[in-house]
Amino acid sequence: MYLTAQTMFRSLPASLPKQQLFAEGVVYTMLLLRRRLFYVGLLTGHIPSALCLWWSFSYTTPAGQTEKNMILRCLDDDKMSSLDSKLVTLVGAVKADAQGDVSAARGQFNLIDLKDLSEFDLLWKKSVEYLFAGQEEKAFAMIRFGSVHFSMPVIVHTLEQLMDYTRNEDLKIRIAASLNSYLPSKYTLRSIAMRYENNGEQLLAREYHEIAAASGDRESQEWMVKCLESLPDNRKSKYDDKNLEFWKALLKDTGGAGNK
């Protein structure tokens, strides 16, 4: 059952082209079936199944607290001698996490390579969350690399968690740019351009506005016209003049503003 859960009902990695990914309803059904198979494994005392379920459910409710206790009871010390070193380390990380021992949990997770977590997506997510405090850049790099192994929902949620956590505006923008690959309607090119603009990075703002404008975003097209019109004559190139005329003509043809 565990192998079936990890093969037939495993979500495809986020790095695959979108046309190869399953529809949202199919993904939800697969995750539900996968969780049920892990749950059967948990009830029979199968430790890898128990590890796969850690933090798959909110532990703030009575039902969640019951499941949490079931998982921890399954991770019995008497069974440790039959486990390989990777699983022993993961059990230690989970127990430390359950006790709220941040230092011990982080230490255990640091002993594990990403490849050793490829079948434990939620534990990988938890290990990345432990990096948020003081190692934000490393956490960001791990999330991006994790797209090779883990599903889009896991990657997107972890990126959004890091975005909410960090106070580094530059990192927030880079996270938003990464999220554009997964949720382009929420993290639009224009919104990224505006983030750069608010951060005082005008050149990068112009680059993203230009890409958004070329993709048909009217507000970015208007921004490009205003930007090019505001350039001093001694800083304008022939390319800028041609660009200005192009955006003005495009706005005029589509009935947009900014073509005065």
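Points worth noting:
- Spin-label model, Ser82 to Ala249: label points 7 Å out along the Cα-to-beta-carbon direction sit 7.6 nm apart.
- Top positive-direction residue, dipole computed over the chain with Cβ charges, set Ala212, His149, Asn234: Ala212
- Local net charge near Ala193, Cβ-Cβ under 12 Å (Lys/Arg +1, Asp/Glu -1): -3
- Among 235-243, 195-203, 128-136, the peptide with the highest mean count of other Cβ atoms within 10 Å heads the list, and the full ranking is 128-136, 195-203, 235-243.
- Computed from point charges on the beta carbon alone (+1 for Lys and Arg, -1 for Asp and Glu), the dipole magnitude for the chain about its Cα centre is near 380 Debye.
- Among 71-82, 101-112, sorting by the average number of other beta carbon atoms lying within 10 angstrom of each residue, highest first, gives 101-112, 71-82.
- Taken as Cα centroids, region 179-236 and region 100-120 sit 40 Å apart, rounded to the nearest whole angstrom.
- Links that overshoot a 29 Å alpha carbon limit, given the list Lys95/Lys115; Lys79/Lys125; Lys68/Lys172; Lys79/Lys115; Lys138/Lys226: Lys68/Lys172; Lys138/Lys226
- The amide H of Thr166, built 1.01 Å from its N in the peptide plane, has no neighbour under 5 Å, considering only residues 5 or more places off or on other chains.
- Working from Cα pairs under 8 Å separated by at least six residues, relative contact order for the chain is 12 percent.
- Helix 85-98 and the long axis of the chain differ in direction by around 80°, with both axes built from C-alpha atoms.
Bear in mind these aren't lab numbers, they're just calculated from the coordinates by the rules spelled out. What you are looking at is a predicted structure, and each value in this text was computed from that prediction instead of being measured. Reconstructed Cβ throughout: ideal geometry from the backbone, glycine too, with neighbour counts over all protein chains shown.
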